[in-house]
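Peer 1: Take this structure first; my questions come after.
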Amino acid sequence: MGFFHQPNLVNDGLVLALDAADNTSFSSGSTTWADLSPNSNDAALFAGTMGTVSGSNTITFDGNNDSASISNHSSLNFGASTNFTLECIVKLKTADDNDFILGKENGHFGQGYSMRIEESGTSDNWGVQLHVEQADGTQYRFISPQVIGQTYTHIVASFDRSKAFARVHINGQGLDGTTLNSNLSAIGDLDVSQDFTIGADSRAVGVPLSDGQIDIVRVYNKALNDNQALNNYHVLKNRFNLGTGT
């Protein structure tokens with residue numbers, strides 16, 4: 001299918017595509033952020049989000065009561081073996097440790113998967129924390145270097161479940177980080193009945209977490225390789241004035 005703002009992004013395996021600047025996906029004042037993939041995984045905007053939308057170019061989360069939620073759908077569950085990729089464009093204003101960016105998880109950690117902020121005491125220097133956990137509590141966590149500031153940042157997290165580690169690309173650069181708990185290949189069933197949420201934990205939509213802008217959210221049912229992640233960075237680089245990648 002065609003995409004108004006992003007015709008050259010990788011679309012094979014795409015199960016969710018939200019773009020706040022594409023008027024097919026979002027228009028100012030709407031309470032729905034429409035999915036551009038064939039799955040109709042539309043996100044409902046909750047609480048203050050409706051009053052903090054900036055034009056039609058971004059969704060602003062105020063860190064107080066803003067969030068977006070997509071009803072539980074099989075396309076966003078990856079079972080015990082399916083590979084997947086989480087991708088987003090974010091611009092943080094402030095952040096605390098474990099602030100939720102996006103994912104589908106049962107509680108503050110718990111079964112499912114998520115992308116969160118890793119904060120180490122500074123006001124504008126953050127990392128990415130990835131978390132996946134099966135029902136018995138076996139989990140994999142990854143923490144990237146602290147390379148995110150208060151500017152637009154492109155994040156791609158590829159989960160190839162035959163490997164020990166997820167692969168994270170931030171503004172086009174593939175980064176090694178710190179792995180906590182079990183390796184990725186040890187993780188089994190991630191399916192949960194919770195909604196997929198953006199800006200707030202799945203346990204309670206509206207929990208005050210993300211403070212900033214989230215312009216693009218994309219999810220794939222495959223692990224993007226390094227070239228595909230870099231391709232998406234280059235397609236979006238000029239539009240968001242992203243930092244220099246590799």
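Peer 1: Using a cut-off of 19 Å between alpha-carbon atoms, which lysines can reach residue 163, once sequence neighbours fewer than 8 places away in the same chain are excluded?
Peer 2: Residue 163 reaches 222.
Peer 1: While we're on this one: In the stretch 128-228, how does Rg compare with the Kirkwood Rh, expressed as the Rg/Rh ratio over alpha carbon atoms?
Peer 2: Ratio value, two decimals: 0.94.
Peer 1: In what sequence do 169, 234 fall when counting other Cβ within 10 Å, fewest first?
Peer 2: Sorted ascending by nearby Cβ count, the order is 234, 169.
Peer 1: Please report, to one decimal in angstroms, the Kirkwood hydrodynamic radius of the stretch 14-240 built from all distinct Cα-Cα pairs.
Peer 2: 17.1 Å
Peer 1: Using amide H atoms built in the peptide plane, which far-off residues or other-chain residues are under 5 Å from residue 160 H to H?
Peer 2: 167
Peer 1: Can you run phi through the Karplus equation (6.51, -1.76, 1.60; θ = phi - 60°) for the stretch 215-225 and list ³J(HN,Hα) in whole Hz, with x for Gly and Pro?
Peer 2: Result, rounded to whole Hz: 9, 9, 9, 9, 10, 10, 9, 8, 8, 5, 7.
Peer 1: Less than 15 Å Cβ to Cβ from residue 138, Lys/Arg counted +1 and Asp/Glu -1: what total charge do the surrounding residues give? Intermediate results must be reported in sequence, preceding the final value.
Peer 2: On the way: positive: 141, 161; negative: 105, 133, 136, 189, 191.
It works out to a net charge of -3.
Peer 1: Amide H to amide H, which residues 5 or more places from residue 93 or on other chains are under 5 Å from it, using H placed in the peptide plane?
Peer 2: It is 211, 212, 213, by chain and number.
Peer 1: Separation between the residue 178 and residue 150 pseudo-spin-labels, each 7 Å from Cα along Cα→Cβ, expressed in nm?
Peer 2: Label-label distance for residue 178 and residue 150, simple model: 2.5 nm.
Here, each number is a calculation from the coordinates, and none is a lab measurement. Given the structure is predicted, the values throughout are model-derived calculations rather than measurements. Cβ atoms come from the backbone with ideal geometry, glycine included; neighbour counts cover every protein chain shown.
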